[in-house]
Each structure stands twice: as C-alpha cells, then as structure tokens.
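Some notes on the structure that comes next.
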Amino acid sequence: MYAIPLGEDGAELRPLEPWQAEEFLGHMNRGREFIGARNPLPDIVTDLESSRAYLQAYADKAASDSGRICGIWNDGKLVGAVILRTMDVAQGTAEAGCWLEPSAVGRGLVTQAVRVLIDWAVEERGIHRVEWIVASTNGPSIAVARRLGMTKDGVLRESDPHRGERLDMEVWSVLAPEWRANPHPIS
C-alpha cells in the first residue's frame with residue numbers, strides 16, 4: 001500500500017488493517033503497561049481475537065467515512081498509531097488520538113503523524129474542527145496539542161473513568177482556517 005515518511009530517520013505512517021492483527025497485538029504487548037497508563041486500549045486489546053476486532057472496527061469506520069487508524073512503523077516495526085477516533089463529515093468534526101510504545105517516545109513521531117492525519121482530514125475530507133481530548137495529567141500529549149497549534153477549549157472535570165480513577169480531560173482543538181494559516185511541514 002502506501003507509506004508516508006515521518007521525518008528523515010526512516011519512520012513511516014502506513015494503513016493499519018485487520019490482517020495485521022498479530023503484529024498489532026505484539027505492539028500492544030510491548031507497550032501494554034506504558035500505553036495503559038494513559039489509554040484504555042491495552043485493556044481492550046488483550047488477545048488475537050480482540051486485536052482483530054479492534055482493527056476491524058476501524059476498517060468499518062474507514063468504509064463508512066467515520067474514522068481512521070494509521071500505524072507508525074520504525075525500522076520495520078509497528079511502534080504506535082494515530083487515529084481519527086470519530087469523524088463526522090456532515091458536521092465537519094473529528095477527534096484525533098494516538099499512542100506509542102516506549103521505544104518510540106521522544107522523537108516527534110506522534111506530532112509528525114498527527115500532522116499528516118489532520119492535513120488529510122481538513123484538506124481531503126473537509127473537516128472544519130479537529131479535537132484532541134487528553135487527560136490533564138498527560139503532559140506529553142498536551143505538548144503535542146501545543147506543537148500542532150491547537151487551542152485549549154476547556155476541561156471536562158472527572159469525566160473519564162480510567163482504572164479506578166476519574167480523570168479530568170482537556171479538550172484542545174484546531175479549526176480548518178487556523179490549520180491552513182500555519183503550514184505544518186513534515187520535518
């Protein structure tokens with residue numbers, strides 16, 4: 001299929017599809033504890049069947065134009081993903097998200113990959129508002145929102161139950177005119 005380079009170190013963004021369920025499960029197993037500290041996904045993807053079901057749900061979203069998932073590969077190994085968790089083309093809204101396993105952290109891969117995803121959503125699908133919803137305690141993800149030029153819209157107090165704790169969630173967003181006014185080249 002296609003691969004989009006994410007900078008100059010060989011990392012790339014590619015489609016992530018149900019036939020890659022075993023590779024996706026291996027990735028989830030490598031990052032289970034780290035990813036799970038901030039994201040419920042490791043509690044959902046626990047075996048090959050649930051891995052395939054998760055990727056199939058995104059294949060179905062892609063088919064209905066209501067979401068997307070793309071994997072981040074480094075040196076041929078799946079190390080993370082970016083998603084449009086929701087996408088409503090008629091309303092012009094989408095919610096982006098991400099995760100990485102520990103080996104890929106700190107290299108700007110999420111920022112680069114989300115730039116590609118937002119560019120596609122805004123320019124190809126006509127999305128007007130892209131949201132980024134993040135736990136107030138997730139500093140690295142908040143830093144991504146800032147690097148992408150997003151604005152903090154507010155805080156949903158104790159709105160997300162995660163592993164026995166209720167987390168405050170920050171809502172960040174970027175509007176299509178703001179996105180277009182600030183070119184975001186892959187560096």
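Quick notes
- Evaluating ALA3 against the criteria (1) over 14 Å from TRP99 (Cβ atoms); (2) buried (at least 16 other Cβ atoms within 10 Å of the Cβ); (3) touching a strand residue (DSSP E or B) at 6+ places or on another chain (Cβ under 6 Å) leaves one unmet condition, (2).
- Residue check for GLU131: open to solvent by 10 Å² or more (accessible area, probe 1.4 Å) and under 13 Å from the mean Cα position of the chain (by Cα): yes
- The range 63-103, residues that are aliphatic (A, V, I, L, M) and touching a Leu at 6+ places or on another chain (Cβ under 9 Å): ILE69, ILE72, LEU78, VAL79, ALA81, VAL82, ILE83, LEU84, ALA94, ALA96, LEU100
- Residue list for the range 9-61, restricted to those being among the hydrophobic types (A, V, I, L, M, F, W, C) and open to solvent by less than 40 Å² (accessible area, probe 1.4 Å): ALA11, LEU13, LEU16, ALA21, PHE24, LEU25, MET28, ILE35, LEU41, VAL45, LEU55, ALA59
- Every test in (1) out of contact with any Lys or Arg (no Cβ under 8 Å at 6 or more places or on another chain); (2) assigned to a helix (DSSP H, G or I); (3) without any contact (Cβ under 8 Å) to a residue 60 or more places away in the chain is passed by ARG115 save one, and that test is (3).
- Those residues of the range 62-78 which are surrounded by 14 or more Cβ atoms within 10 Å (Cβ to Cβ) and of a type outside the set (Lys, Arg), in sequence order: ALA62, SER66, GLY67, ILE69, CYS70, GLY71, ILE72, TRP73, ASN74, LEU78
- Close pairs (8 angstrom Cβ cut-off, 6 or more residues apart or separate chains): within 30 Å of GLY106 (Cβ to Cβ) in the range 51-80, β-branched (Val, Ile, Thr) and part of a helix (DSSP H, G or I) anywhere: TYR54/ILE44; CYS70/VAL116; ILE72/VAL110; GLY80/VAL110
- Odd one out for ARG125, checked against (1) more than 18 Å from ALA81 (Cα to Cα); (2) open to solvent by less than 60 Å² (accessible area, probe 1.4 Å): (2)
- Considering the range 138-185, the residues that are assigned to a strand (DSSP E or B) and either acidic (Asp, Glu) or in contact with a Phe, Trp or Tyr (Cβ under 6 Å, 6 or more places away or on another chain) (or both) include one that is modelled with the lowest pLDDT, namely ASP160.
- Selected residue (criterion: surrounded by the most Cβ atoms within 10 Å (Cβ to Cβ)) from residues of the range 142-187 that are among the polar types (S, T, N, Q) and in contact (Cβ under 8 Å) with a residue 12 or more places away in the chain: SER173
- Residue that is farthest from GLU178 (Cα to Cα), among those in the range 87-107 that are in contact with a Ser or Thr (Cβ under 8 Å, 6 or more places away or on another chain) and buried (at least 16 other Cβ atoms within 10 Å of the Cβ): CYS98
The values are calculated or read from the model by the stated rules, or taken from the named source; none is laboratory data. In this text, all values refer to a predicted model and were calculated from it rather than measured experimentally. We place every Cβ from the backbone using ideal geometry, glycine too, and count neighbours over all the protein chains shown. Ligands, DNA and RNA are excluded from the accessible area calculation, which covers all protein heavy atoms including side chains. Shrake-Rupley method; radii C 1.70, N 1.55, O 1.52, S 1.80 Å.
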